[in-house]
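In what follows, a structure is listed as structure tokens, so that the remarks can point back to it.
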Amino acid sequence: MKIILGSASEARKKIMEKMSLEFSVMPSGIDEKAIRSDNPEKLVLLISRAKAEELIKKITKPVILITAD
């Protein structure tokens, strides 16, 4: 199954490359600064979810989608 890294992060890309995974990169383009929470744990989950929700609109085939913050 195809893997998509939903992030423009070079660090995350390098981690996946070190794991010898075949994947493509698809940044979400969301405005991360528009998402706010005083709780850091909640904030990273909100950003990750927002990335996934934006990318799902563009994906038409079954994939494994990885988003993080």
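Condition (residue is of a type in the set (A, V, I, L, M, F, W, C), assigned to a loop (DSSP other than H, G, I, E, B), touching a residue at least 60 places away in the same chain (Cβ under 8 Å) and out of contact with any strand residue (DSSP E or B) (no Cβ under 8 Å at 6 or more places or on another chain)) applied to the range 47-68: is it met by at least one residue? Looking for residues that are of a type in the set (A, V, I, L, M, F, W, C), assigned to a loop (DSSP other than H, G, I, E, B), touching a residue at least 60 places away in the same chain (Cβ under 8 Å) and out of contact with any strand residue (DSSP E or B) (no Cβ under 8 Å at 6 or more places or on another chain), one finds at least one in the range 47-68, hence yes.
The set of residues in the range 14-52 that are within 11 Å of I66 (Cβ to Cβ) and basic (K, R) contains only K51. Across the range 1-40, the number of residues qualifying as among the hydrophobic types (A, V, I, L, M, F, W, C), within 11 Å of the chain's Cα centre (by Cα) and exposed (fewer than 13 other Cβ atoms within 10 Å of the Cβ) comes to 1.
Read-outs: derived from the displayed coordinates by stated rules, not from any lab. This is a predicted model, so every value here is computed, not measured. With ideal geometry, Cβ positions are generated from the backbone for all residues, glycine too; neighbour counts draw on all protein chains shown.
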